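Participant: Let me give you the structure first, and then I'll get to my questions.
The values are calculated or read from the model by the stated rules, or taken from the named source; none is laboratory data. Just so it is clear, the model here is predicted, and its values are computed rather than measured. FYI the Cβ positions are ideal-geometry reconstructions off the backbone, even for glycines, and counts take in every protein chain you see. The accessibility values were calculated without ligands, DNA or RNA, using every heavy atom of the protein model including side chains. Shrake-Rupley method; radii C 1.70, N 1.55, O 1.52, S 1.80 Å.
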Amino acid sequence: MYYGADYYPEHWPRERWERDAELMAEAGINLVRVAEFAWALMEPEPGRYDYAWLDEALDVLAQRGIQAVMCTPTAAPPAWLCQQYPDTLLVQRNGRRVEFGMRRQYCPTSARYRQLSRQITTAMAQRYARHSQVVAWQLDNEFGGHHARCYCPACAEAFQGWLERRYGTLDALNDAWGTAFWSHTYTAWDQIPLPTDAVGSSNPGLELDFYRFSSDQWISYAQEQIDNLQAHSSAPITTNLMGLGFGEIDYFAMGRQLDFVTWDNYPTFIQQDPAAIAASHVLMRGLRDQPFWVMEEQAGPSGWQAMSPAPQPGQLRLWSYQAMAHGADGIVYFRWRTCRTGIEQWWHGILDHHGEPGRRYQEIAAMGAEVRALGDRLLGALPPKAVAIVLAYDDRWAMRLQPNAAGFEYTPLWLTYYRAFHRLGVPVDVVPPDADLSPYALVVAPMLHVVSEAYAHSLSTYVQQGGHLIVGARSGVKDLHNRVVDRQLPGLLADLCGVVVAEYDALGAGNCVRLAIAKAGAGLGEDAVGHTWADILAPRGAETLATYLGTFYQGEPAITLNRVGIGTVTYVGVLPDQDLADGLARCAIERAGVAPLPETPEGVEVAARDQDGLRYLFLLNHTAEPKTVPLPEPGRDLLAGATIRNSLSLAPHGVAILEIPLGG
Ligand code: GLA
Ligand code: GLA
């Protein structure tokens, strides 16, 4: 297994490199990621390349058997480039061009930037394609970070071309966007504006298409780099994504163009919430339904102006094993040594600024020895498939453009449902709305807002074949053009759900509505509460699981269950609070016959990866207290090297990986 560090030899004197390599090797580090921001050093002036320093650094690392992920350096175009070619600089929504001085200042559409990228990428590919240490390529760095969309004239033209290819004729576009509204009818492609601040609130069809276009620009820019690299190199290609927290690029589409997915995991930036961290891992695994790597794993207190609190003893190790528990086949820490200069002075690496090994180094080195002992047995293993949660970038975008009610946000809602399964110890896959659902006993669509005939058909087939489905409020509201459908909600899903929305009430953030649980809904909890949104339902065949209390629609249905053959569809007309989501998940797994992993005490996460008749059961103590976990069956703890029966003791932030034969 690769256990690595993001290394910037260019930040340190040449005399230091041997010591770095020695300390890395002693910590079990067998890989570095290099060069993703080193364009100005590798091409100090146009067309003159200098790789001597990088070659020498790799040579020093080679003496310790350390391999490398080589990066294209296009996330940080040099000063000379930006000065010479100001048209490569991205324009923000407010119309201002970004200036040189940070990073990621380029426009991914710019033909000139693509040309300059092609030159440096090709030069690097030629140089390092057959280099014995290069095991993979990383494209750029965090596509879409800092600035996700560009509003420059080149993007305006490219957007118009993108629309022409999508719609074919202006009549089709005018119809799709409903441009009769406010005299928006277009009679030439070049009349179509970008949705800038100067335009203001634009047409929802145009805005959603602009989000799609912008996502496509990153994907096509990445594809050019992939093509350049593949012309010379057969090493696998990845790029470092940003988990669930970043929603500007359709990561399912980007995942398809990569050989493997990697992402950057900084737990302190999501309040160290184990479910939220896990959700990102699970999404990243879901992009290709394959194991992934963490390309930047938090290694210390982090921040630019102010830093996050210090990870407590054991937490760095815990977070790394948590990544492995959810499918990471490689862990690379950001960064090797904390930089003395630059805006990331407080973004701590494994070593502090002074470069001497400390507590964090010791912890990561101890884990390095464990990782070596584990060997490659976990590589390729995946969790059992039983439950899928649908995540759709179209829905994230449509809801961002128009939240429907104040404070109605896609990701927190999605996470509430995810967290319910995480708490129950039920492994989940994240799937796009056009996924093959047949491997799953239960599918949850927290909100399938933008719905095509194909999605509706796929869900309906799934349920008819015995699948169990949960559909959340504001599903089926829009078509692919971001038009509201011309039928009763949930639109194309209404027949399947056996219910229509008679009326709705946009409660707004922080406003709750109480629910009375009907007999048929026993198990959903006692005092169920919904918030932010309320659909007042009229069943068309479904039975009522819960009704509203204390409002003008008191007694009307809020949650329903429709039986379709042996399948079921639960429609949830409110945004559930966590307790209600927990109840919905509990009832649903029972209905679908999904068995959770062994129950764990509060604060102890459980996850599993299966391979070759063996289950690797991860038990992860996210608390600072010791915990005892009862075990229904014995297993060999691969970290402690002992067989554990009856119950397992976990130290504060402790981890166990039990190897258990799968029932034969
Ligand atoms: C004003 C305008 C209408 C409509 C409403 C709602 O009253 O005159 O055309 O736009 O606001 O926005
Ligand atoms: C991201 C980037 C890194 C670094 C860290 C910390 O993850 O990929 O280069 O900037 O953030 O800011």
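Participant: Is there a quick way to get the dipole size of segment 19-60? I mean about its Cα centre, with the Cβ of Lys and Arg at +1 and of Asp and Glu at -1; what is the value in debye to the nearest 20? All intermediate terms of the calculation are to be shown ahead of the outcome.
Facilitator: Working: 3 positive and 10 negative charges, 24 e Å.
In debye, rounded to 20, segment 19-60 gives about 120.
Participant: Along its principal axes, what span do the Cα atoms of the chain show, with the longest given first and each in whole Å?
Facilitator: Taking max minus min along each principal axis of the Cα atoms, the chain gives 76, 74, 43 Å.
Participant: Let me ask another. Report, in debye and to the nearest 20, how large the dipole of the chain comes out about its Cα centre when Lys and Arg carry +1 and Asp and Glu carry -1 on their Cβ.
Facilitator: Working: 51 positive and 74 negative charges, 55 e Å.
In debye, rounded to 20, the chain gives about 260.
Participant: With a 1.4 Å probe and all protein chains kept in place, how much accessible area does E453 have, in Å² rounded to the nearest 10?
Facilitator: E453 exposes around 130 Å² with every protein chain in place.
Participant: Can you pull the semi-axes for segment 576-664, root of five times each eigenvalue of the Cα gyration tensor, sorted largest first, whole Å? Please list the in-between numbers first.
Facilitator: Numbers: eigenvalues 118, 70, 19 Å².
Result for segment 576-664: semi-axes of 24, 19, 10 Å.
Participant: Grab the DSSP H runs of the chain that are 4 residues or longer, score each as -39,500 (n - 2.57), total them, divide by all residues and round the 222 nm result to the nearest 500 deg cm²/dmol. Provide the component values of the computation, followed by the final result.
Facilitator: Values: 17 runs with 201 residues, N = 664.
So the calculated ellipticity at 222 nm is -9500 deg cm²/dmol.
Participant: Putting +1 on Lys and Arg Cβ atoms and -1 on Asp and Glu Cβ atoms, find which of N203, N228, L241 reaches farthest to the positive end of the dipole of segment 200-268.
Facilitator: Checked the options; the winner is L241.
Participant: Fully extended, how many nm does the chain gain between A624 and A369 (0.36 nm per residue separation, minus their Cα-Cα distance)? Please report the intermediate quantities before stating the final value.
Facilitator: Numbers: separation 255, 0.36 × 255 = 91.80 nm, distance 2.34 nm.
Length gained between A624 and A369: 89.5 nm.
Participant: Any lysines with Cα under 29 Å of the K385 Cα? List them, leaving off those in the same chain fewer than 8 positions away.
Facilitator: K385 reaches K627.
Participant: From the protein chains alone at 1.4 Å, what is the descending order of accessible area for D582, D250, D227, largest first? Display every interim value, and only then the final one.
Facilitator: Working: D582 20, D250 45, D227 80 Å².
Output order, biggest surface exposure first: D227, D250, D582.
Participant: Modelled label-to-label distance, E453 and V199, 7 Å Cα→beta-carbon offset: nm?
Facilitator: That separation, rounded to one decimal, is 2.9 nm.
Participant: Could you tell me which of G635, T600, T623 has its Cα farthest along the dipole of segment 596-636 towards the positive end, charges placed at Cβ (Lys, Arg +1; Asp, Glu -1), taken about the Cα centre?
Facilitator: The residue sitting farthest along the positive end of the dipole is G635.
Participant: Could you tell me the accessible area of V606 in Å² (1.4 Å probe, neighbours in place), rounded to the nearest ten?
Facilitator: Probe radius 1.4 Å; accessible area of V606 about 20 Å².
Participant: State to the nearest 20 debye the size of the charge dipole of segment 299-452 about its Cα centre, where the only charges are +1 on K and R beta carbons and -1 on D and E beta carbons.
Facilitator: Numbers: 13 positive and 13 negative charges, 89 e Å.
I would put it at about 420 debye.
Participant: Between N404 and A62, what FRET efficiency comes out of the Förster formula 1/(1 + (r/R0)^6) with R0 = 60 Å and r the beta carbon distance, rounded to 0.05? Write down the numbers at each step before the final one.
Facilitator: Working: r = 56 Å, r/R0 = 0.94.
That pair, A62 with N404, gives E of 0.60.
Participant: For S233, tell me the accessible area in Å² from a 1.4 Å probe, rounded to the nearest 10.
Facilitator: S233 has an accessible surface of roughly 10 Å² with all protein chains in place.
Participant: So for the chain, averaging the separation of alpha carbon pairs under 8 Å that are six or more residues apart and normalising by length, what relative contact order in percent results?
Facilitator: Numbers: 1430 pairs, mean separation 68.3, N = 664.
Relative contact order, the chain: 10 percent.
Participant: Using r as the Cβ-Cβ distance of Q84 and T341, and R0 as 22 Å, what FRET efficiency do you calculate, to the nearest 0.05? Working shown, then result.
Facilitator: Values: r = 25 Å, r/R0 = 1.15.
Using R0 = 22 Å, I get an efficiency of 0.30.
Participant: Here's something else I'd like to know. Tell me the label-point distance for the pair A538, E18, using the 7 Å Cα-to-Cβ offset, in nm and rounded to one decimal.
Facilitator: The modelled label-to-label distance comes out at 8.3 nm.
Participant: Got the relative contact order for segment 28-145 handy, in percent, Cα pairs under 8 Å and 6 or more residues apart?
Facilitator: Working: 149 pairs, mean separation 38.7, N = 118.
Rounded, it is 33 percent for segment 28-145.
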